[in-house]
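Structure first, commentary second.
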Amino acid sequence: MLDIRIIRQDPDRISLALRNRNSDFDISAVLRLDEDVRKRKAEVESLRAQRNEIAARIAKAKREGTDVAHDVSLGANVARELSAVEADLVAEEERLAGLLALIPNIPHLSVPVGKDDSANQEIKRWGEVRQFSFEPLPHWEIGARLGILDMDRASRMSGSRFALLKGLGARLERALVNFMLDLHVKEQGYTEIFPPLMVNDKSMFGTGQLPKFKEDMFKIEGQEMYLIPTAEVPVTNIHREEVLSGDVLPVKYVAYTPCFRAEAGSAGKDTRGLIRNHQFNKVELVCLSLPETSYDALEGLTSDAEAVLERLGIPYRRVALSTGDLGFSSAKTFDLEAWLPSYNAYREISSCSNFEDFQARRAGIRFKRDVKAKPEFAHTLNGSGVAVGRTWATMVENYQNADGTVTVPDALVPYMDGVTVIGK
RNA sequence: GGAGGGGUGGCAGAGCGGUUGAAUGCGACAGUCUUGAAAACUGCUGAGGGUGCAAGCCCUCCGUGGGUUCGAAUCCCACCCCCUCCGCCA
């Protein structure tokens, strides 16, 4: 959520930012409504002041035993008028809040301006893309042949876009999760979290999934509860409605969770294998930071995610998303894209974002610099560290051998009980 | 799922229709004392918003949302959450 005061002060800047994001949101409606609300609020408050004054007078008169009838009827009139004006105010305020909740974040100045992902900017590349001496197979083929990935049976029990891992395939998934968690916890100083996988609508509002992206989530029937689309939601909301003391910042959390996405509107895209499923595993990094250091924190968080790919020897590149490709809540996002031989392209495997105070304002995550200071909104960041299913796919494809086996990279061997080749 | 109990400031805990934004204690903060610290004493101590150049003035908040009333932390209704016991269950 944007600060209404910024919209008031600098509407042109907001409008430009929205246009750069391909948003047709009409700021002027917000400004008009904001003015109405403030006018109405002044009315309500002066009526309340009158009411309070009359009530105080009656209290005093009763104590002194003087007549009260005149003030009581005066008070009744004020009360009647007040309730009418108050109802108008509530309605207007709700409308304004509803509009504000739909405005995306303002991109940071460093974000490349452009209308879609073609304007994304490559920041760096790491690793050599492997040249195969044979025709490489996609991971769903490799997995099926090795008996470690079974998409057919998964769709029989659950439908399309679900995966069944088996034997060393399941083991590999678990190995990846543990490897990533160990790296982030033991070497990079994150605190491990295992959060609830269902959250209420307030939490979904806090991180920006609601109200606009309801269709992308699985809702529990008959309840105001959703399956989490990412650990970002419960983990960022750990400190919802809290005032932290400034010296605990930065707070760094890592969580492994399954993620659930309805993926409305993605029909026909990435229909095979592990790339785009309704349920997938992810290790997520979340950081709460001081405002002035949040871009350093973004750099740190992104390189913490990159370390995962580097240890696994997976070639990747880092891309700065353009204004047109940026997510709703984000002020700046780096995507990490891993080389996927079956796509003959780099595919997103991690997305690291600085939301600045956008989520913190929605979720009420604040801090005080010291005991006397006014509370300020913290900055929130998160990034995948990294998507496990996509890593599974990328690894299996990059490490496949001509005989159909898959070599296990050194960093993972201890997590695979010493297995160095899958399929031997 | 059933039966009770309870949600008040950072914490504990009063208040149960009229100077109560809220007693009291603890904590925190500032100060006095002290070579320093502790103790003791004194003072202070929530958040959000409107308006104004400012000083200030005003409004809101006692789980949440409604209602009654001139006036609600206090009365009524609904919901949410927590605790205890029983049932069920990995």
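Hey, can you tell me all the residues within the range A:109-141 that are open to solvent by 60 Å² or more (accessible area, probe 1.4 Å) and under 22 Å from the mean Cα position of the chain (by Cα)? Residues satisfying the conditions are A:109, A:113, A:115, A:117, A:121.
Just one of the numbered conditions (1) open to solvent by 70 Å² or more (accessible area, probe 1.4 Å); (2) near RNA strand B (Cβ under 10 Å from one of its atoms); (3) more than 49 Å from the chain's Cα centre (by Cα) is not true of residue A:74: (1). Within the range A:216-244, can you find the residues that are of a type in the set (Asp, Glu) and surrounded by fewer than 18 Cβ atoms within 10 Å (Cβ to Cβ)? Answer for the range A:216-244, where residues must be of a type in the set (Asp, Glu) and surrounded by fewer than 18 Cβ atoms within 10 Å (Cβ to Cβ): A:216, A:221, A:224, A:241, A:242.
Could you check, for the range A:216-228, whether at least one of its residues is more than 14 Å from the chain's Cα centre (by Cα), among the acidic types (Asp, Glu) and under 30 Å from residue A:304 (Cα atoms)? No, the range A:216-228 contains no residue that is more than 14 Å from the chain's Cα centre (by Cα), among the acidic types (Asp, Glu) and under 30 Å from residue A:304 (Cα atoms). Among the residues of the range A:231-277, the one identified as part of a helix (DSSP H, G or I) and hydroxyl-bearing (Ser, Thr, Tyr) is A:236. Contact map, the range A:56-70: residues that are modelled with pLDDT of 90 or more paired with residues that are within 9 Å of RNA strand B (Cβ to nearest atom) and assigned to a helix (DSSP H, G or I), Cβ distance under 6 Å, separation 6+ or inter-chain. Pairs shown: A:57/A:71; A:58/A:71.
Conditions tested, residue by residue: (1) within 30 Å of residue A:342 (Cα to Cα); (2) touching a strand residue (DSSP E or B) at 6+ places or on another chain (Cβ under 6 Å); (3) of a type in the set (Gly, Ala, Ser).
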| residue | (1), (2), (3) |
| --- | --- |
| A:82 | no, no, no |
| A:89 | no, no, no |
| A:102 | no, no, no |
| A:120 | yes, yes, no |
| A:123 | yes, yes, no |
| A:133 | yes, no, yes |
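The requirement of being modelled with pLDDT of 90 or more, open to solvent by less than 50 Å² (accessible area, probe 1.4 Å) and more than 30 Å from residue A:115 (Cα to Cα) is fulfilled nowhere in the range A:19-28; no residue meets it. Applying a threshold of 8 Å to beta carbon distances and a minimum spacing of six or more residues, or different chains, the list of pairs starting in the range A:330-345 at a residue that is closer than 21 Å to residue A:310 by Cβ and open to solvent by less than 10 Å² (accessible area, probe 1.4 Å) and ending at one that is at pLDDT 95 or above and among the aromatic types (Phe, Trp, Tyr) reads A:336/A:316; A:338/A:316; A:338/A:346; A:340/A:346. Considering the range A:58-71, the residues that are more than 6 Å from RNA strand B (Cβ to nearest atom), open to solvent by 50 Å² or more (accessible area, probe 1.4 Å) and assigned to a helix (DSSP H, G or I) include one that is nearest to residue A:40 (Cα to Cα), namely A:70.
The residue pairs whose first member lies in the range A:36-47 and is part of a helix (DSSP H, G or I) and of a type in the set (A, V, I, L, M, F, W, C), whose second member is near RNA strand B (Cβ under 8 Å from one of its atoms) and open to solvent by less than 60 Å² (accessible area, probe 1.4 Å), and whose beta carbons are closer than 9 Å, counting only pairs six or more residues apart or on different chains, are A:44/A:82; A:47/A:78; A:47/A:79; A:47/A:82.
Screening the candidates A:170, A:144, A:163, A:175 for the property of being open to solvent by 30 Å² or more (accessible area, probe 1.4 Å), over 23 Å from the mean Cα position of the chain (by Cα), touching a residue at least 60 places away in the same chain (Cβ under 8 Å) and more than 30 Å from residue A:100 (Cβ to Cβ) yields one hit, A:163. Taken over the range A:189-215, the criterion of being buried (at least 19 other Cβ atoms within 10 Å of the Cβ) and over 16 Å from the mean Cα position of the chain (by Cα) is satisfied by A:190 alone.
Of note, residue A:300 satisfies the criterion of being open to solvent by 20 Å² or more (accessible area, probe 1.4 Å) and in a helix (DSSP H, G or I).
Identification of strands (runs of 3 or more DSSP E) wholly contained in the range A:333-424 with 3 or more residues that are within 16 Å of RNA strand B (Cβ to nearest atom) yields A:365-368. Here the condition is being within 16 Å of RNA strand B (Cβ to nearest atom), over 29 Å from residue A:320 (Cα atoms) and assigned to a helix (DSSP H, G or I); of A:89, A:172, it holds for A:89 alone.
Going through (1) within 12 Å of RNA strand B (Cβ to nearest atom); (2) of a type outside the set (A, V, I, L, M, F, W, C); (3) touching a residue at least 24 places away in the same chain (Cβ under 8 Å); (4) within 30 Å of residue A:321 (Cβ to Cβ) one by one, residue A:20 falls short only on (1). Only one of the numbered conditions (1) farther than 24 Å from residue A:229 by Cα; (2) open to solvent by 10 Å² or more (accessible area, probe 1.4 Å); (3) touching a helix residue (DSSP H, G or I) at 6+ places or on another chain (Cβ under 6 Å) is not met by residue A:362, and that is (1).
One residue is enough: does the range A:45-57 have a residue meeting the conditions away from RNA strand B (no atom under 13 Å from the Cβ) and exposed (fewer than 15 other Cβ atoms within 10 Å of the Cβ)? Looking for residues that are away from RNA strand B (no atom under 13 Å from the Cβ) and exposed (fewer than 15 other Cβ atoms within 10 Å of the Cβ), one finds none in the range A:45-57, hence no.
The values are calculated or read from the model by the stated rules, or taken from the named source; none is laboratory data. Quick caveat, the model's predicted, so the values are computed rather than measured. All Cβ positions, glycine included, derive from the backbone under ideal geometry; neighbour counts span all protein chains shown. Protein only, heavy atoms only, side chains kept; ligands, DNA and RNA dropped before computing areas. Shrake-Rupley method; radii C 1.70, N 1.55, O 1.52, S 1.80 Å.
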